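Student: Below you'll find the structure I mean.
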Amino acid sequence: MQRLLTAAALSALLLTSALNADWRQWRGPTNNGVAASAAPERFSPTEGVKWRISIEGRGFSTPIVVGERMFLTTAVPAGENGAADAGGQKFLVIALDKNTGQVIWEQVATTAAPHEGYHRQYGSFASNSPVTDGETVFVSFGSRGVYAYDLDGKLQWKKDLGPLQMRNAFGEGTAPVLYQHYLVIQHDHEGDSYLVVLDKRTGEELWRAARDEPSSWPQPLVVEYGGRPQLITSSTRVRTYDLETGELVWECGGLGGNAIPAVVQVNDELIIAMTGWRQANLLAIKLGGQGDITGDPKYVRWTNDRGNSYTPSPVLHDGIFYMLTDTGMLSALDAETGKPHYMQQRLPDIQKFKASPVAADGKLYLAGESGLVTVVKMGKTYEVIAANNMGDEVFISSPVVVDGSLYLRSQDELFCIRD
């Protein structure tokens with residue numbers, strides 16, 4: 001019996017290690033921006049680059065990795081000779097070999113003429129990052145539908161959820177979320193906003209909840225509390241739903257508009273949601289509430305309105321909450337108390353950021369719009385390790401770290417950097 005238990009424990013350990021080695025969702029293995037392996041500290045367009053490939057079209061989604069394969073999306077003009085005004089856009093899902101960059105397969109999810117545009121600098125028609133359970137890749141193109149492919153590119157199902165009308169036509173980009181057989185889609189827009197949960201196996205709609213929210217882009221978060229999965233969403237208010245039934249459990253006001261950063265979980269009882277535009281605020285909320293808990297000190301443990309991220313999502317590691325402003329200032333706070341270790345430290349050179357930072361082996365990797373990838377030592381003291389100039393590249397997609405390799409997707413190219 002002891003031998004069987006040991007074998008079972010070893011099997012579970014190996015499975016966990018394999019899952020952690022992948023990058024199956026936008027914010028990494030543990031959904032907080034932290035990688036399971038180290039990455040190179042110093043590199044350039046000519047040093048440390050194992051491979052680089054051009055990516056056709058325009059897509060700012062962050063790639064995902066499972067096993068030896070990487071998956072990404074893009075949108076390509078469908079007209080003759082690539083003319084954008086003739087046939088609309090081809091919405092593509094691409095599978096690559098993560099070790100070589102070679103295209104394994106490419107599928108056209110749909111071809112359509114989008115009903116509205118996107119932010120001319122920071123948007124694309126393919127900004128929603130895919131997600132996978134290791135067997136199926138789920139892709140949301142927002143107004144152009146949700147698609148499920150097996151790892152070999154065979155379409156399993158598709159679902160049309162209808163068009164969105166985003167504020168100022170800023171574009172769509174909220175990543176879907178997977179938990180067990182639930183596939184979560186948050187569509188906050190200028191029309192009738194809603195949250196919808198699909199059965200990942202069939203695309204069947206399990207439940208839908210109307211939301212009184214304007215356009216927002218935060219990725220939701222699933223947590224376990226009281227023996228049940230709860231779905232936490234962020235916009236002008238933080239709302240929590242019972243994942244199995246769709247029932248609203250609690251809500252908390254106090255955030256600003258144009259919500260973008262993802263919600264993160266600090267521990268079994270605490271989550272953090274944040275906005276960084278007008279009326280910027282951060283809410284660290286204790287789980288377990290019922291109804292409207294706005295301003296209740298029993299549940300709202302701490303707040304912050306300085307140095308909040310507007311676009312980049314935060315990183316949580318070793319009890320420290322790291323947030324990055326669009327203008328290139330980095331802060332590190334105690335995640336349980338909000339006490340600053342350092343606040344609004346200016347990164348080297350004048351930089352702007354849309355990509356979310358990631359952490360690997362005690363270092364933060366921050367990919368900027370100017371092509372500079374800054375590496376910062378994690379901890380209570382601010383220290384820059386390296387500033388790697390990648391030339392004219394513009395990074396909007398977030399970095400990915402898998403098995404010792406750093407993957408950087410720019411507007412036009414994808415780099416694999418490895419020692």
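Student: Does the range 252-299 come out rounded, prolate or oblate, given a ≥ b ≥ c as the square roots of the eigenvalues of its C-alpha gyration tensor, rounded meaning a/c under 1.5 and, failing that, prolate meaning a/b above b/c?
Tutor: Verdict is oblate for the range 252-299.
Student: Please give the length that would be gained between His181 and Arg201 if that part of the chain were fully extended, namely 0.36 nm times their separation in residues minus their C-alpha to C-alpha distance (nm, one decimal).
Tutor: Full-extension gain reported as 6.5 nm.
Student: Considering only DSSP beta bridges where both residues belong to the range 23-417, give the percentage that are antiparallel (nearest 5).
Tutor: 95
Student: Still on this structure, please answer the following. What list do you get for Ser234, Ser44, Ser215 if you sort them by fewest beta carbons within 10 Å?
Tutor: Ser44, Ser215, Ser234
Student: Select from Pro63, Pro297, Pro340 the residue whose mean-square fluctuation is largest in a Gaussian network model of the chain (Cα-Cα springs shorter than 10 Å).
Tutor: Pro297
Student: Sticking with this structure for a sec: Quickly estimate the mean residue ellipticity at 222 nm for the chain, helices only: each DSSP H run with n ≥ 4 gives -39500 (n - 2.57), and the total goes over all residues, rounded to 500.
Tutor: Estimated from H runs of four or more residues: -1500 deg cm²/dmol.
Student: Percent relative contact order of the range 206-284, based on C-alpha pairs within less than 8 angstrom and at least six residues apart?
Tutor: Dividing the mean separation by the residue count of the range 206-284 yields 26 percent.
Student: Relative contact order of the range 23-417, please, whole-number percent, based on alpha carbon pairs below 8 angstrom and at least 6 residues apart.
Tutor: About 15 percent, as a whole number.
Student: Would you mind classifying the chain by shape? Square roots of the alpha carbon gyration tensor eigenvalues, ordered a ≥ b ≥ c; an a/c under 1.5 is rounded, otherwise it is prolate if a/b is larger than b/c and oblate if not.
Tutor: It comes out rounded by the Cα gyration axes.
Student: For a test of the definition: using alpha carbon positions, the gyration tensor, and the 1.5 limit on a/c, classify the range 91-179 as rounded, prolate or oblate.
Tutor: Verdict is prolate for the range 91-179.
A short reminder: the numbers here are calculations on the coordinates, not readings from a lab. Quick caveat: nothing in here was measured; it's all calculated off a predicted structure. Please note: Cβ atoms are built from the backbone with ideal geometry, for glycine as well, and neighbour counts cover all protein chains shown.
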